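Student: Quick one: the structure is below, questions incoming.
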């Protein structure tokens, strides 16, 4: 198996803002290689044998948590799954102390989701283990954006030159921020679209265009990413009603017919049927939503693998925990 692992130098994955286009492409290429291996009948490989990956989720999650857990197992790592509701946090233990106690069990990589922006960065300064951001507050969700890019590249061959429109709650969306950083670095034109109350001020400084009308940008858009309304992060009403939002910004059958013939419909999930998109769109020919879920596993395998290989190459970093897991092919 040929990889570019010698070029991967980062201990952590905290966000895509700090990554170069080459680093983002390296992750996507590694994910594509895992996809090819699975197609050859090698879905599980002996790459992280002896490594321990801990999933620390301080926010509810279905897709991301299960995807990271399965990705680690596909690479033959041991996993620890943490849920805040059943932890010592309820007894007054701090976030950092919880993480350090879990790390003391021999953990090499920590996957963390937290409602507070910057929580993964804080852990990266307190732990010896590598830290992977699985979503922090309204900051970033790097692996979601990576799987979005992988899905687009899978269907279109390249990101460069495409027009991608992010629709919905841009203000509260960590997915939007990670997508903007990555899409721009790979050469896409990015439009953010939604009610003016859900568009951050001065977002044009990131190199994106702003539209308050989905209908006006439909004909020029190659990929539409329909972001979930972040009700849990809103402190006030940002639009009059769900019905009005769906009327102006929901993707439905009429809008699909006005869009490009080969438009791709993406959504990070969980989707609110009848709000961001109607069932016929969610389940229609333009939808690649389930492809996104499948590709999330490949992308997270790539991230875990590249970070592991970097740790292996840095033998002086944690010699007491230096594992020798390498890709040797399929395991039973």
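Student: Within segment 95-115, count every residue that is at pLDDT 95 or above and part of a loop (DSSP other than H, G, I, E, B).
Tutor: Going through segment 95-115 one residue at a time, the tally reaches 5.
Student: Report, by residue number, each residue of segment 163-185 that is surrounded by fewer than 20 Cβ atoms within 10 Å (Cβ to Cβ) and out of contact with any helix residue (DSSP H, G or I) (no Cβ under 6 Å at 6 or more places or on another chain).
Tutor: Within segment 163-185, just 184 meets the criteria.
Student: For segment 52-67, which residues satisfy the criterion of being closer than 11 Å to residue 77 by Cα and either outside the structural domain of residue 304 (by TED's automatic domain parsing) or touching a helix residue (DSSP H, G or I) at 6+ places or on another chain (Cβ under 6 Å) (or both)?
Tutor: 53, 54
Student: Would you check if residue 70 is surrounded by fewer than 20 Cβ atoms within 10 Å (Cβ to Cβ), on the phi < 0 side of the Ramachandran plot, in contact with a helix residue (DSSP H, G or I) (Cβ under 8 Å, 6 or more places away or on another chain) and assigned to a helix (DSSP H, G or I)? Break it down stepwise before answering.
Tutor: Values: surrounded by fewer than 20 Cβ atoms within 10 Å (Cβ to Cβ): yes; on the phi < 0 side of the Ramachandran plot: yes; in contact with a helix residue (DSSP H, G or I) (Cβ under 8 Å, 6 or more places away or on another chain): yes; assigned to a helix (DSSP H, G or I): yes.
It is true that residue 70 is surrounded by fewer than 20 Cβ atoms within 10 Å (Cβ to Cβ), on the phi < 0 side of the Ramachandran plot, in contact with a helix residue (DSSP H, G or I) (Cβ under 8 Å, 6 or more places away or on another chain) and assigned to a helix (DSSP H, G or I).
Student: Quickly run through segment 197-221 and pick out the residues that are in contact with a strand residue (DSSP E or B) (Cβ under 6 Å, 6 or more places away or on another chain), under 14 Å from residue 251 (Cα atoms) and outside any helix (DSSP H, G or I).
Tutor: Passing the criteria: only 221.
Student: Does at least one position in segment 231-245 carry a residue that is touching a strand residue (DSSP E or B) at 6+ places or on another chain (Cβ under 8 Å) and surrounded by fewer than 18 Cβ atoms within 10 Å (Cβ to Cβ)?
Tutor: no
Student: Can you tell which of 180, 191, 170 is in contact with a strand residue (DSSP E or B) (Cβ under 7 Å, 6 or more places away or on another chain), assigned to a loop (DSSP other than H, G, I, E, B) and not assigned by TED's automatic domain parsing to the domain that holds residue 302?
Tutor: Result: 170 is the single residue among 180, 191, 170 that is in contact with a strand residue (DSSP E or B) (Cβ under 7 Å, 6 or more places away or on another chain), assigned to a loop (DSSP other than H, G, I, E, B) and not assigned by TED's automatic domain parsing to the domain that holds residue 302.
The values are calculated or read from the model by the stated rules, or taken from the named source; none is laboratory data. Remember, it's a predicted structure, so these values are computed and weren't measured experimentally. Virtual Cβ from ideal backbone geometry, glycine too; neighbours counted across all protein chains shown.
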